[in-house]
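Asks: Here you go, one structure.
The values are calculated or read from the model by the stated rules, or taken from the named source; none is laboratory data. For clarity, every value in this text was computed on a predicted model and none was experimentally measured. Cβ atoms come from the backbone with ideal geometry, glycine included; neighbour counts cover every protein chain shown.
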Amino acid sequence: MSKIKIGLPSKGRLKDESLAFFRSKNLEVVNSFGERNYFFNIKNNKEIDGIFLHAREIIERINDGTLDIGISGLDLLKELPEAYSKSVKIFKKLNFGFADLVVAIPKDWLDVQNMADLEEVSFEFREKYGRRMRVATKYPNLTESFFLSKGVSQFRVVPSLGATESYPFTGSSELITDITSTGSTLKANNLRIINDGTILKSSACVFVSKKIEKNKFLNFLK
């Protein structure tokens with residue numbers, strides 16, 4: 001029988017909490033190849049091959065069949081095309097990695113308190129400047145869907161390549177959508193969250209490939 005392939009986040013708090021979750025299930029991750037190596041095993045379990053990857057890549061790998069199980073964020077799955085949900089299944093929502101995908105605007109936009117206000121301002125902006133407002137984000141699909149559902153149509157998505165919260169300050173966008181757990185980074189960059197601007201509440205999840213949904217190993221992760 002072929003080995004089960006598992007992907008875990010490669011850095012940060014999400015990595016630490018994923019390892020703690022595995023330990024709580026008596027699954028000890030062993031990196032016998034050295035800290036600079038991305039591969040790992042599970043102690044006393046020869047049926048598992050593991051690899052540390054970027055959280056986004058974990059979902060991509062489960063979708064293309066090169067991983068069977070992985071821990072990543074719900075926001076990352078929801079941003080991908082709906083077809084991914086047919087091959088990548090949510091096995092378990094975890095009690096860590098909580099964050100919200102939100103709409104954030106400059107603090108001094110005093111006339112904008114909710115998405116209805118933003119809709120009104122977006123038309124005024126286009127009339128004044130002859131272009132649509134720019135929204136910087138790493139989540140173009142979720143952002144576009146949310147804005148349109150709220151009746152906001154006069155906007156253009158600007159793909160973010162780095163620190164999204166800096167885009168309004170540098171003049172690269174008028175507003176942003178971004179993932180945040182405390183909101184402190186947004187505040188530090190003179191941004192505030194619109195009252196009804198929560199696009200998605202996310203957390204870490206155990207994702208599995210549809211082809212192994214009934215594998216006995218999953219009992220360890222319940």
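Asks: Given the conditions (1) in contact with a helix residue (DSSP H, G or I) (Cβ under 6 Å, 6 or more places away or on another chain); (2) within 14 Å of PHE207 (Cα to Cα); (3) among the hydrophobic types (A, V, I, L, M, F, W, C); (4) at pLDDT 95 or above, report the number of the one that PHE96 does not fulfil.
Replies: (2)
Asks: Of these, GLY162, GLY171, which one is surrounded by fewer than 18 Cβ atoms within 10 Å (Cβ to Cβ), under 30 Å from ASP64 (Cβ atoms) and assigned by TED's automatic domain parsing to the domain that holds ASP196?
Replies: GLY162
Asks: Further, regarding this structure: Which of (1) at pLDDT below 95; (2) crowded, with 18+ Cβ neighbours inside 10 Å is the odd one out, the single condition ALA136 does not satisfy?
Replies: (1)
Asks: On to the next question. Given ARG156, ARG126, ARG192, ARG131, which one is of a type in the set (Lys, Arg), in contact with a strand residue (DSSP E or B) (Cβ under 6 Å, 6 or more places away or on another chain) and at pLDDT 95 or above?
Replies: Matching residue, one of ARG156, ARG126, ARG192, ARG131: ARG156.
Asks: Residues that are at positive phi, part of a helix (DSSP H, G or I) and surrounded by fewer than 19 Cβ atoms within 10 Å (Cβ to Cβ): does segment 11-30 have at least one?
Replies: Yes; the residues of segment 11-30 include at least one that is at positive phi, part of a helix (DSSP H, G or I) and surrounded by fewer than 19 Cβ atoms within 10 Å (Cβ to Cβ).
Asks: Restricting to helices (runs of 4 or more DSSP H) lying wholly in segment 115-222: which have 2 or more residues that are farther than 27 Å from GLU82 by Cα and in contact (Cβ under 8 Å) with a residue 12 or more places away in the chain?
Replies: Here the list reads 115-129, 167-170, 184-188.
Asks: Continuing with this model, one more query. Any chance you could count how many residues in segment 80-110 are charged (D, E, K, R) and buried (at least 22 other Cβ atoms within 10 Å of the Cβ)?
Replies: The qualifying residues number 0.
Conditions tested, residue by residue: (1) among the small types (Gly, Ala, Ser); (2) more than 30 Å from GLU57 (Cβ to Cβ); (3) under 14 Å from the mean Cα position of the chain (by Cα).
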{"site": "SER87", "(1), (2), (3)": "yes, no, no"}
{"site": "GLY97", "(1), (2), (3)": "yes, no, yes"}
{"site": "ASP111", "(1), (2), (3)": "no, yes, no"}
{"site": "PHE125", "(1), (2), (3)": "no, yes, no"}
{"site": "GLU144", "(1), (2), (3)": "no, no, no"}
